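The values are calculated or read from the model by the stated rules, or taken from the named source; none is laboratory data. As the structure is a computational prediction, the values presented were derived from the model and not from experiment. Heads up, the Cβs are rebuilt from the backbone with ideal geometry, glycines too, and the neighbour counts pull from every protein chain shown. Only protein heavy atoms, including side chains, enter the accessible area calculation; ligands, DNA and RNA are left aside. Shrake-Rupley method; radii C 1.70, N 1.55, O 1.52, S 1.80 Å.
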Amino acid sequence: LENLQPEIKEHAKRLRYEVSMRGKQLGWSEKVARLHFAKNMRRIVTELYVRDNCHPFKATLLLWVQVPMWVCVSLALRNCSVGALGSAVQEQFSSGGALWFTDLTAPDSTWILPVSLGLVNLLVVEV
């Protein structure tokens, strides 16, 4: 989208000139000229988005998927850890780990999981 801005400005400048010239020829009012400019500018910008395959909605698509997913996973983890006190789930968490984290109910004293999760998240965002 940022790369298209100079081209959009160039098209807008040329279209503004063409609409003003045509408006003078046909005796359009300022309001009618603005409507024609806006309609044609929308068409041109849409054509540029299609040409370069960069619709603005694509930039927000990840957000619309990632935020609900994050909320659901956060609530699920909270319900597993807080809501499962004294249950079979708590017992499974205390004995279901792997590698250096054999007890999933104990804090990670080495900070390997939080740091690696943060780095992976940063990598995903940057890529």
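Loop-only GluC sites (Glu not before Pro) in the stretch 1-106, please: DSSP not H, G, I, E or B, and at most 15 other Cβ atoms within 10 Å.
Values: sites: E2, E7, E10, E18, E30, E47, E91; in loops: E2.
Filter output for the stretch 1-106: E2.
Provide the per residue accessible area, probe 1.4 Å, for the chain, rounded to a whole number of square angstrom.
Values: 10520 Å² over 127 residues.
About 83 Å² of surface per residue is accessible.
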At S74 and R43, where each label point lies 7 Å from the Cα along Cα→Cβ, what is the point-to-point distance in nanometres?
4.6
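Determine, for each peptide in 119-127, 20-28, 37-45, the mean count of other beta carbons within 10 angstrom over its residues, then list the peptides with the highest first.
Working: 119-127: 8.8, 20-28: 11.6, 37-45: 13.9.
Put in order of decreasing packing, that is 37-45, 20-28, 119-127.
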Assuming 0.36 nm per residue, please report the length gained on full extension of the stretch L1 to V32 beyond their Cα-Cα distance.
8.3 nm
What fraction, in whole percent, of alpha-carbon pairs in the stretch 59-126 exceed 19 Å separation?
51
For the pair E126 and V65, the simple spin-label estimate (label points 7 Å beyond Cα toward Cβ) gives in nm 2.2
Report the Cα-based extents of the chain along its three principal axes, largest first, to the nearest Å.
83, 26, 20
Among the lysines, which fall within straight-line cross-link reach of K39, defined as a Cα-Cα distance under 22 Å, with same-chain neighbours fewer than 8 residues apart omitted?
K9, K13, K24, K31
Everything considered on the Cα gyration tensor (a ≥ b ≥ c; rounded for a/c under 1.5, else prolate if a/b is larger than b/c, else oblate), the stretch 1-68 must be described as prolate
